[in-house]
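See structure below.
The values are calculated or read from the model by the stated rules, or taken from the named source; none is laboratory data. What you see is a predicted model; the values in this text were computed from it and never measured. Cβ coordinates were reconstructed from backbone atoms using ideal geometry, including for glycine residues, and neighbour counts include every protein chain displayed. Ligands, DNA and RNA are excluded from the accessible area calculation, which covers all protein heavy atoms including side chains. Shrake-Rupley method; radii C 1.70, N 1.55, O 1.52, S 1.80 Å.
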Amino acid sequence: MTANEFRRLALGFPETSEKSHMDHPDFRVAGKLFATLGYPDEDWAMVKLTPIEQEMFVKAQPTVFKPCNGVWGRRGATNVNLKSARKPVIRRALLAAWRLTAPKQLQHMADPEE
C-alpha cells in the first residue's frame, strides 16, 4: 500500500477532511482526528482504535500493525506499516477508526462493504 492509496481510502469515508498535524497529513471527521500519514516516517500511518480493536489487528497482522509508543499506544493509537499492508485490511482498520471518532448521527453513513 502506498501513502496515496491510504489517503484515498481515508478520504472515502463520509464527512472526512485532510488537514495537517505535527507536519504530517491527518484525516478527520467532524474535526476529530482518526488517522495520520507519515509517522514515524513516510512508510507508516496511524489509525486511532480502541485498545481491544488494536489487540485484534496486531494479533491478526503483526507485520502490518503495532501499537504506537507510550500512552497513545496504550489508548489504541496503532501504527500501520504501509509496505506490508493490503487494501481490505487497511479499509477495515480505517472504518473502525472512523466509526470510533465520528458523531453517532454520521456512523450509519459508512458502508462496510464499499
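Each row is one residue, and each column tells you yes or no for (1) of a type in the set (S, T, Y); (2) in a loop (DSSP other than H, G, I, E, B); (3) open to solvent by 50 Å² or more (accessible area, probe 1.4 Å).
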{"residue": "E5", "(1), (2), (3)": "no, no, yes"}
{"residue": "F13", "(1), (2), (3)": "no, yes, no"}
{"residue": "E18", "(1), (2), (3)": "no, no, yes"}
{"residue": "D26", "(1), (2), (3)": "no, no, no"}
{"residue": "P40", "(1), (2), (3)": "no, yes, yes"}
{"residue": "V47", "(1), (2), (3)": "no, no, no"}
{"residue": "E55", "(1), (2), (3)": "no, no, yes"}
{"residue": "G73", "(1), (2), (3)": "no, no, no"}
{"residue": "T78", "(1), (2), (3)": "yes, no, no"}
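State the number of residues belonging to region 57-71 that are within 14 Å of the chain's Cα centre (by Cα) and either at positive phi or assigned to a strand (DSSP E or B) (or both).
Total meeting the criteria: 3.
Can you tell me how many residues within region 80-99 are within 25 Å of G31 (Cβ to Cβ) and not in a helix (DSSP H, G or I)?
So the answer is 1.
Residue by residue, here is whether (1) open to solvent by 60 Å² or more (accessible area, probe 1.4 Å); (2) in contact (Cβ under 8 Å) with a residue 12 or more places away in the chain holds:
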{"residue": "F34", "(1), (2)": "no, yes"}
{"residue": "P51", "(1), (2)": "yes, yes"}
{"residue": "Q61", "(1), (2)": "yes, yes"}
{"residue": "S84", "(1), (2)": "no, yes"}
{"residue": "I90", "(1), (2)": "no, yes"}
{"residue": "R99", "(1), (2)": "yes, no"}
